[in-house]
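S.K.: Quick one: the structure is below, and I'll ask about it shortly.
The values are calculated or read from the model by the stated rules, or taken from the named source; none is laboratory data. All figures in this text were calculated on a predicted structure; none of them were measured in a lab. Neighbour counts are summed over all protein chains in view; Cβ atoms, including those assigned to glycine, are modelled from backbone coordinates with ideal geometry. Each accessible area value is taken on the protein alone, full model and side chains, heavy atoms only, with ligands, DNA and RNA left out. Shrake-Rupley method; radii C 1.70, N 1.55, O 1.52, S 1.80 Å.
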Amino acid sequence: MLRFFHLSMGLAILLSVTGSLFAQSPPNVELVFEGAFGTEGSQPGQFLNPRAITVGEHGQIIVADSGNDRIQICDDQGRCTAFGRRGERLGEFTNPHGVVVDSRGRIITVETYTARVQIFDSEGGFLGSFGSYGSRLAQFRVPGGLTVDSQDRIIIADELNHRIQICDDQGNCTAFGSEGTEPGQFRIPRAVTVDSQDRIIVSDRENHRIQICDDQGNCTTFGSYGTAAGQFAAPSEVAVDSRDRIIVADRDNHRIQVCDQQGNCKAFGRFGTAPGEFSSPAAVAVGKQDRIIVADRGNNRIQIFQLISGVERK
């Protein structure tokens, strides 16, 4: 298993890779690689296609370990416990694609193939579920990521319905969005997060952009297809830090971008297996002290970084 590197080693790695990883970024971007854990496998602390990640109420790193059909709860040293197994009964999973923790510490998941949301206590005890396949409210077609807002409303990226659903924990939902390229329209929205004002931030995957919306579907956008900073190639999950900077897993560019809400972005990473390199990063989360935690899907590992400087909140 690739174990956690201590901060002192992270600083050494920063000095040795800054030139290659950040060659296309302005010099005020500074990032410390703090560590990584995980290898391919099915044991605790191993992963198979990790697709979503969140941070628990006590700083736990919680991973939707999709290929193993389970949820793992880890510390930042890579010590993990898991719950769930493959199946369609309550408390089981078939390809979990999203995970989030609400203000009560409940772990909430969503699965693509069963098209349902499941709710668990902080240790993985099943509490409830809602959702089924379809296009009505509280029905989903390949749901992607999910988040919760300050009211603990559950917000789900309903990918093939090209919309966002906002639900309570009983499955009473409203929705906005349709297929298209205008603001408030989507082409396979992959994931959602919320900022400090409960604005809903959507990774609009096949439009290769980010949308910032209110709960009525009034949206602004930034981004286009490409490889320059502020451009994306199939962005997957998104997160926000304490300054409302938007952290984007720019999946097919094999990098992470840090953006303000006007779309001014800095990028780090490239394709590879070394520290600070990625293979189709699927998800990001923000932990304590704004650490950026990445589900490095193709490398079946979790990487952890500390952003020292970069774009500022505007």
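S.K.: Could you list all residues from the stretch 92-114 that are modelled with pLDDT under 95 and farther than 23 Å from LEU160 by Cα?
M.R.: Answer for the stretch 92-114, where residues must be modelled with pLDDT under 95 and farther than 23 Å from LEU160 by Cα: there is none.
S.K.: Ok, one more. Determine whether the stretch 161-183 contains at least one residue that is under 23 Å from ARG297 (Cβ atoms) and not hydrophobic (A, V, I, L, M, F, W, C).
M.R.: The answer is no, given that none of the residues of the stretch 161-183 is under 23 Å from ARG297 (Cβ atoms) and not hydrophobic (A, V, I, L, M, F, W, C).
S.K.: Limited to the stretch 51-72, what total is found for residues that are in contact (Cβ under 8 Å) with a residue 40 or more places away in the chain and open to solvent by less than 30 Å² (accessible area, probe 1.4 Å)?
M.R.: Result for the stretch 51-72: 10.
S.K.: Pairs, please: C-beta under 6 Å, at least 6 apart or cross-chain, first residue on the phi > 0 side of the Ramachandran plot and in the stretch 179-207, second surrounded by 18 or more Cβ atoms within 10 Å (Cβ to Cβ)?
M.R.: Matching pairs, first to second residue: GLY184/GLY217; GLY184/CYS219; ILE188/GLU159; ILE188/ARG205; ASP198/ASP149.
S.K.: Then there's this: Mind telling me which of the residues ASP244, ASP290 ends up being of a type in the set (Asp, Glu) and within 19 Å of ASP76 (Cα to Cα)?
M.R.: Numbers: ASP244 fails: within 19 Å of ASP76 (Cα to Cα).
Exactly one of ASP244, ASP290 is of a type in the set (Asp, Glu) and within 19 Å of ASP76 (Cα to Cα), namely ASP290.
S.K.: Looking only at the stretch 73-87, count every residue that is open to solvent by 10 Å² or more (accessible area, probe 1.4 Å) and under 16 Å from ARG291 (Cα atoms) and tell me the total.
M.R.: Within the stretch 73-87, residues that are open to solvent by 10 Å² or more (accessible area, probe 1.4 Å) and under 16 Å from ARG291 (Cα atoms) number 3.
S.K.: Residue under question is THR220, and the condition is that it be modelled with pLDDT of 95 or more, open to solvent by 20 Å² or more (accessible area, probe 1.4 Å) and either assigned to a strand (DSSP E or B) or under 19 Å from HIS97 (Cβ atoms) (or both); does it hold?
M.R.: So THR220 fits the description; yes.
S.K.: Another question about this same structure. With respect to the numbered conditions (1) open to solvent by 40 Å² or more (accessible area, probe 1.4 Å); (2) part of a strand (DSSP E or B), which one is the sole condition not fulfilled by LEU137?
M.R.: For LEU137, the failing item is (2).
S.K.: Continuing with the same structure: Restricting to the stretch 140-168, what's the tally of residues that are open to solvent by less than 50 Å² (accessible area, probe 1.4 Å) and over 25 Å from ARG70 (Cβ atoms)?
M.R.: 6
S.K.: How about the stretch 170-191: which of its residues are under 20 Å from ARG104 (Cα atoms) and either under 21 Å from the mean Cα position of the chain (by Cα) or modelled with pLDDT under 95 (or both)?
M.R.: none
S.K.: Looking for something at pLDDT below 95 and assigned to a strand (DSSP E or B) - is there at least one such residue anywhere in the stretch 42-51?
M.R.: no
S.K.: Out of (1) touching a Lys or Arg at 6+ places or on another chain (Cβ under 7 Å); (2) free of Cβ contacts under 8 Å to residues at least 24 places away in the same chain; (3) over 20 Å from ALA283 (Cα atoms), what's the single condition that is false for ASN161?
M.R.: Answer for ASN161: the failing condition is (2).
S.K.: Next question. For the stretch 170-215, list the strands (runs of 3 or more DSSP E) that sit wholly inside it and hold at least 2 residues that are crowded, with 22+ Cβ neighbours inside 10 Å; which are they?
M.R.: So the answer is 189-194, 200-204, 209-213.
S.K.: Which members of the stretch 216-246 meet the condition of being in contact with a strand residue (DSSP E or B) (Cβ under 6 Å, 6 or more places away or on another chain) and among the charged types (D, E, K, R)?
M.R.: GLU237, ASP241, ARG245
S.K.: I've got another one for you. Of the residues in the stretch 151-168, how many are charged (D, E, K, R), in contact with a strand residue (DSSP E or B) (Cβ under 6 Å, 6 or more places away or on another chain) and under 13 Å from VAL117 (Cβ atoms)? Walk me through it before giving the result.
M.R.: Taking the stretch 151-168 and keeping what is charged (D, E, K, R), we get 152-153, 158-159, 163, 168.
Add one more test, that the residue is in contact with a strand residue (DSSP E or B) (Cβ under 6 Å, 6 or more places away or on another chain), and what stays is 153, 158-159, 163.
Within this subset, residues satisfying the condition of being under 13 Å from VAL117 (Cβ atoms) are 153, 158.
Of the residues in that region, 2 qualify.
S.K.: In contact (Cβ under 8 Å) with a residue 12 or more places away in the chain, over 22 Å from the mean Cα position of the chain (by Cα), surrounded by fewer than 21 Cβ atoms within 10 Å (Cβ to Cβ) and in a strand (DSSP E or B): which single residue out of LEU90, LEU127 fits that description?
M.R.: It is LEU127.
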